[in-house]
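This report refers to the structure that appears directly beneath it.
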Amino acid sequence: MGKLLNIDYWKKEFGLLPMHLNPILNEEKYLMLNGGNGDFCLQTSQEKEDLEKYFEDSWSTNTKNYIVINDDNVIINNWFEKKSEIIPKKRIEPNIEKFYKYITSKSFKTQDDIIPFILNIFKKLRNVTFEKENPVEAINTLFLLLISIEERKTNIDFKKWGVHDSKLPSNFEYFSEIINNGINSISPNLDLLLRHTSGTLFQEAHREVIYFNPQRDLFGGVSSELITKKQAYSSIHYTPQYLARSIVENSIGNLDLNKKNLKILDPSCGSSEFLIEVLKQLKNLNYKGKIIVKGWDSSQTAINTSNFLLKYENRTQWNNKLEIQIKLIEDSLLEEWGTDNDLIVMNPPFVSWELLKNKINKEAIRDTLKEVFNGGRPNQASAFFYKASESLSEGGVLGCVLPSSIFSYNSYNKLRNVIEEKLSINIIAKLGNFVFEDALTDVSFFIGKKPKSPNSVKVVWTKNEKGNVQEALRNLRKINSTSQQAVQQKNFSIYTPSYFPVVKNSWRIISLEENDFIRDIERFAIAGNLTTIGEIFNIKQGALLGVKNIFKISIDEYEALKKDEKKHFRPVITNSSIKTGKLIIFEYVWYPYDKNGLTINSEEELASISFAENVLKKNRALLEKRNGISKWWSLTRPRTWQYVQKKRLYSTRFGNSNSFAFDINGDCIIEEGNAFLPKKELSNNDYYFYLSCFTSKTFDLLLSIYSKPIMSGFDLGRIQIKDIPVPNIKLKNTKESEAYLKLVELGKELTEGNTFVKEVIDDVLVNYFYPRK
């Protein structure tokens with residue numbers, strides 16, 4: 001059973017990252033990391049320890065199991081179950097996958113785990129002191145509580161530990177005794193705790209000190225309840241440990257570790273999750289050179305935590321040879337970053353322009369981005385991203401978390417182009433909305449190296465569902481450890497595209513299936529069989545009425561109008577009017593316009609219309625408040641192209657393949673959505689043809705590649721979908737093909753409400769226009 005003793009086997013087979021429990025001891029004892037769910041300790045040496053020692057190490061590293069492999073057996077020591085389980089190797093050898101799943105199943109989280117155990121004591125201690133106004137003192141109290149695992153309060157060397165003395169309650173020793181007693185006679189190991197668990201521990205502790213609310217239970221005792229608030233606070237959007245670990249691992253993999261000096265910077269370091277991870281992995285790789293560590297943050301508690309943890313790491317693992325420069329700053333963009341950083345790792349603040357209240361912060365962003373931003377409201381993270389790219393040494397590496405908008409929004413085109421010219425992109429990943437626990441931000445990450453050189457970009461795509469990111473990152477580790485070129489799963493893809501970017505003018509990250517689809521249809525586009533929506537249609541936004549519910553009436557109200565009044569109304573298309581190719585009219589809209597514009601130009605003319613007398617005049621004060629209107633009874637934005645009644649394709653503003661319809665009568669006004677105005681005259685059959693194309697599942701796949709995803713589907717506006725390839729109606733062989741006639745007939749079926757033809761439409765499109773392997 002040699003492979004179980006081979007630490008690289010676990011990495012290649014299951015995507016685990018082995019980290020020495022204590023590198024300086026050079027023992028064959030590891031923490032096997034897989035993303036937080038299913039981590040375990042592994043010992044491959046024949047050395048025997050007391051059962052209590054195994055329990056202590058696994059509990060202190062926030063795992064459940066300590067696995068020992070000897071000549072004949074595999075022993076699973078589980079502190080939570082308080083037992084050891086001995087399994088003969090010969091039973092495991094043919095069932096290694098099943099064995100790993102068994103380990104994972106025994107790794108569930110509980111309230112007795114080391115992190116909730118310590119936080120519970122910390123909360124109780126804070127309640128006793130009733131301290132709630134000073135987070136700095138609160139975090140220092142936690143430092144002292146942890147130090148008391150090794151040293152009594154009266155003997156603490158404050159300078160050595162990098163903390164200051166605090167006025168503590170008289171019963172501090174009581175809480176110190178509780179933490180030293182541990183759980184079920186299992187005591188904490190401070191070294192393992194600080195080296196392997198501190199990231200998650202201090203992230204939770206910072207939440208506690210910010211949102212602290214002292215509580216007492218019904219009997220006057222101390223409560224450990226944590227009252228949280230839903231509020232935007234950038235320092236709380238902490239990087240999960242599994243993500244920081246993966247970014248650091250892949251960043252270090254691009255570094256030249258033969259260099260005798262490394263300068264590492266995190267300009268938004270928080271509790272130094274990234275910096276600690278870099279040092280752990282460099283030590284695990286036995287790096288011997290000099291290291292300068294720089295970290296900045298605007299939070300004093302974050303800076304104090306960074307100093308505490310980095311000072312401990314320096315003293316216990318690096319013999320005090322690290323040069324540590326941790327600094328409290330107002331705004332990192334105002335600092336001088338230098339141009340000699342070998343590694344920049346960061347999770348910059350994801351703050352939108354609208355949420356930035358400080359004028360100084362806004363000016364810093366503008367000054368940083370200068371000419372590389374197209375729009376006027378950049379996210380703060382984009383300025384950090386650009387400045388980091390400018391601050392690398394030759395051979396320097398940038399690894400960072402970013403909002404996905406920077407990869408896809410048109411306003412960041414110049415920024416992306418500049419980055420591409422400076423750096424070789426090694427890995428680019430889209431992770432979705434389930435990364436930060438307390439934010440729904442769509443998250444991606446980027447790893448690049450200076451200078452620009454010919455290289456292959458590795459793409460990581462995850463389906464936007466909880467749990468997929470950890471699985472994808474484990475598989476990324478497996479790919480990096482083997483010769484495997486790509487992984488395609490239902491929930492994630494990892495691959496190297498034939499070229500990057502895959503989508504024009506964007507770093508949009510798509511699945512391997514979508515990438516293959518684009519590649520397959522490229523030759524048809526090059527041959528001219530496919531063109532773009534933007535070549536066929538001008539896409540226009542619908543009318544803006546101006547005041548909700550005043551200008552619209554129901555069908556019954558319309559029918560009750562006199563004949564000469566009906567001419568001032570047109571059928572109105574809203575989101576509810578479009579049902580998978582069928583147009584259903586529920587309402588009419590006041591639209592006193594013809595090809596020359598407004599048809600009612602005086603109040604005398606208006607007075608003869610009952611709707612104006614009964615409805616509009618009652619709301620005159622409200623209607624007059626609108627800006628930019630010619631008459632108070634006119635629409636805010638009637639859209640001049642709607643003056644002339646014409647047959648048109650319409651869509652909702654946001655949606656999918658079910659969101660298109662054809663107005664064959666040509667008398668509708670669209671309010672909520674888009675109109676597709678042909679650049680050259682189209683016949684009725686041409687409209688039915690494109691209605692079929694847009695109402696297909698194939699079009700949903702195209703939307704997922706080209707358009708911006710939103711909660712209700714995709715953005716169907718001009719900017720998003722103009723480059724989508726569609727069959728070229730201008731070609732004679734398209735117009736005369738059997739596929740054209742079929743799609744025309746299927747489009748007619750759609751307008752009658754027959755949605756079952758969607759499957760047939762896809763068969764036709766795939767066979768004639770969008771071939772797939």
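Values quoted throughout were computed directly from the atomic coordinates according to the rules given, and no laboratory measurement underlies them. As the structure is a computational prediction, the values presented were derived from the model and not from experiment. Virtual Cβ from ideal backbone geometry, glycine too; neighbours counted across all protein chains shown.
Please work out whether region 2-105 counts as rounded, prolate or oblate from its C-alpha gyration tensor, where a ≥ b ≥ c are the square roots of the eigenvalues and a/c under 1.5 means rounded, while otherwise a/b larger than b/c means prolate and anything else oblate?
Taking the square roots of the gyration eigenvalues as a ≥ b ≥ c, region 2-105 is rounded.
Based on the Cα coordinates of region 274-392, what is the per residue volume of their convex hull in Å³?
Cα-based convex hull of region 274-392, divided per residue, equals 106 Å³.
Can you order the peptides 153-162, 713-722, 398-407 by their average number of other Cβ atoms within 10 Å per residue, highest first?
The peptides rank, most packed first, as 398-407, 713-722, 153-162.
Can you order the peptides 20-28, 341-349 by their average number of other Cβ atoms within 10 Å per residue, highest first?
Per-residue mean Cβ counts within 10 Å order the peptides as 341-349, 20-28.
Just to confirm the filter: which trypsin sites (Lys or Arg not before Pro) across region 303-364 are DSSP coil and have at most 16 other Cβ within 10 angstrom of their Cβ?
Of the trypsin sites (Lys or Arg not before Pro), the ones in loops of region 303-364 whose Cβ has at most 16 other Cβ atoms within 10 Å are K321, K357.
Per residue, how big is the convex hull around the C-alpha atoms of region 605-760? Give it to me in cubic angstrom, could you?
Enclosed volume per residue, from the Cα hull, is 163 Å³.
What is the calculated FRET efficiency for E151 to N358, with r their C-beta to C-beta distance and R₀ = 41 Å, to the nearest 0.05?
0.45
P(r) for region 314-379: what percent of alpha-carbon pairs falls in each 10 Å bin, starting at zero?
Computed distribution, short to long bins: 14, 40, 28, 12, 7.
What is the log10 of I(q)/I(0) for region 608-698, computed with the Debye formula using one identical point scatterer on each Cα and no solvent, at q = 0.15, 0.21, 0.24 Å⁻¹?
For region 608-698, the Cα-only Debye profile gives -0.73, -1.02, -1.20.
How many percent of DSSP beta bridges within the chain run antiparallel, rounded to 5?
If I count the DSSP bridges inside the chain, around 70 percent turn out antiparallel.
Give me the Debye-computed log₁₀ of I(q)/I(0) at q = 0.11 Å⁻¹ for the chain, equal point scatterers on Cα only, no solvent, two decimals.
-1.19
Where does each of 382-392, 531-541 land if you order them by average Cβ count within 10 Å, highest first?
382-392, 531-541
How much net charge surrounds T640 when only the other residues with a Cβ under 11 Å from the Cβ of T640 are counted, with Lys and Arg +1 and Asp and Glu -1?
+4
Semi-axes of the equivalent ellipsoid of region 435-545: what are they in whole Å, largest first, if each equals the square root of 5 times a C-alpha gyration tensor eigenvalue?
Those come to 30, 22, 15 Å.
Given 4 °C and 1.567 mPa s, how large is the Stokes-Einstein diffusion coefficient of region 647-713 in µm²/s, with Rh as the Kirkwood radius over Cα pairs?
Estimated via Stokes-Einstein, D reaches 103 µm²/s.
Quick one: net charge of K159's neighbours, Cβ under 14 Å, K/R +1, D/E -1?
0
Add +1 for every Lys or Arg and -1 for every Asp or Glu among the other residues with Cβ under 10 Å from the Cβ of L144, and state the total.
-1
Using only helices, what value at 222 nm comes out for the chain when you add -39,500 (n - 2.57) per DSSP H run of length 4 or more and divide by the total residues, to the nearest 500 deg cm²/dmol?
Helices in the chain give a 222 nm mean residue ellipticity of -10500 deg cm²/dmol.
Pull out a ≥ b ≥ c, the square roots of the eigenvalues of the alpha-carbon gyration tensor of region 358-503, then state rounded if a/c is under 1.5, prolate if not and a/b is larger than b/c, and oblate in the remaining case.
The shape class here is oblate.
Can you find, among L716, L622, G542, the residue farthest towards the positive end of the dipole of region 536-768? Put +1 on the C-beta of Lys and Arg, -1 on that of Asp and Glu.
So the residue furthest toward the plus end is L622.
Quick one: of the DSSP bridges fully inside region 2-105, what percent are antiparallel, nearest 5?
Of the beta bridges lying entirely in region 2-105, close to 85 percent run antiparallel.
Taking the Cα centroid of region 519-576 and of region 1-74, what is the distance between the two, rounded to the nearest whole Å?
Answer, in whole Å: 63.
In nm, what is the difference between 0.36 nm times the number of residues separating R91 and N549 and their Cα-Cα distance?
157.7 nm
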